[in-house]
Amino acid sequence: MIRSISAEWIKLRHSRIGIIILILPMISLLIGCANYYFNRTVLQNEWYSLWTQVSLFYGEFFLPILIAIICAYFCRLEHLNRNWNMVLTAPVSITSIFIAKLWVISILILIVQIFFAALYFSAGKLLGLSTAFPSETLGWLVRGWLASISIATIQLGISIRIRSFAAPIGIGLCAVFIGLGMYIAKLGLFFPYSLLTIGMGVLSQDNLNDSELILFLVMNIIFITAGSFLSIHRLKKTDAV
């Protein structure tokens, strides 16, 4: 497992994925801040109003797309020249290969979440927000990270199955709109892309009650576990990808 994780980290050397990881959160925050600035007469709840604007673009669109890009990138090398054949015959368990990819992707998403939180705090100060920084922010970020892992598990499975780099990203984008519809239909807790919307308080900053929080955690565990099992099972049953 350690060797597999190290191999995944090596892929990041001299890659441009780090630029994308930095740029997309910055773009979403700039758009959100612009919306907040030009609608300050209506958005008067300071930090919470700013969060509704920046998290709407980040959590609803940019972060899921970023996750899809990262997952597709981590499978790109294996798809070149049919390298999956070599990977699957290496003296490393298939479970370790998948979990290592998911582990590194999860760490990258955590870094993105921390970076976005820093941008959010800095933007609020630059905009002159004087009220106390919302204590709920940590919960939004942690729940968003957990939901992001659920999405990453699914996107990684799709990226392993499909050779194309762009197709899994397109599927992820379509899933974002389906997730929005599921959220509006009050079924968001049963779809991973909607869980990100709920977890990060994108459209509603109301705290989850105990039963909702438990269901949120359980559904994420189910999606992560089931998604990992199905992807690993397929890799074990497939001679070449």
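The values are calculated or read from the model by the stated rules, or taken from the named source; none is laboratory data. What you see is a predicted model; the values in this text were computed from it and never measured. No Cβ is skipped: glycine too gets one built from the backbone with ideal geometry, and neighbour counts run over all protein chains shown. For the accessible areas, the whole protein counts, side chains as well, though only heavy atoms, and no ligand, DNA or RNA atoms are used. Shrake-Rupley method; radii C 1.70, N 1.55, O 1.52, S 1.80 Å.
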*Would you mind stating whether T131 is buried (at least 20 other Cβ atoms within 10 Å of the Cβ) and hydroxyl-bearing (S, T, Y)?*
no
So, first residue within 16 Å of I149 (Cα to Cα) and outside any loop (DSSP other than H, G, I, E, B) in region 200-221, second residue open to solvent by 70 Å² or more (accessible area, probe 1.4 Å) and not acidic (D, E), Cβ within less than 7 Å, six or more apart or across chains; the pairs are M219/F190
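Just to verify a result, which residue in region 185-215, among those that are under 21 Å from I109 (Cβ atoms) and open to solvent by 60 Å² or more (accessible area, probe 1.4 Å), is farthest from the chain's Cα centre (by Cα)?
That would be L213.
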Pairing a residue in region 155-172 that is within 11 Å of I70 (Cα to Cα) and at pLDDT below 90 with any residue that is surrounded by fewer than 22 Cβ atoms within 10 Å (Cβ to Cβ) and among the aliphatic types (A, V, I, L, M), where Cβ atoms lie under 9 Å and the two sit 6 or more apart in sequence or on different chains, gives F165/I69
Out of (1) surrounded by fewer than 15 Cβ atoms within 10 Å (Cβ to Cβ); (2) in contact with a helix residue (DSSP H, G or I) (Cβ under 8 Å, 6 or more places away or on another chain); (3) assigned to a loop (DSSP other than H, G, I, E, B); (4) not charged (D, E, K, R), the one L43 does not meet is (1)
Going through region 134-161 in order, the residues found to be open to solvent by 10 Å² or more (accessible area, probe 1.4 Å) and not in a helix (DSSP H, G or I) are S135, E136
Taking region 6-29 and keeping residues in a helix (DSSP H, G or I) and over 19 Å from the mean Cα position of the chain (by Cα) leaves S6, A7, I10
Being surrounded by 13 or more Cβ atoms within 10 Å (Cβ to Cβ) and modelled with pLDDT under 90 narrows L50, L29, L24, L12 down to just L12
With the first residue restricted to region 115-129 and required to be assigned to a loop (DSSP other than H, G, I, E, B), and the second required to be open to solvent by 60 Å² or more (accessible area, probe 1.4 Å), Cβ contacts under 9 Å at 6 or more apart or on different chains are L127/Y37; L127/R40
Matching residues in region 22-41 (under 13 Å from F61 (Cβ atoms) and of a type outside the set (A, V, I, L, M)) number 3
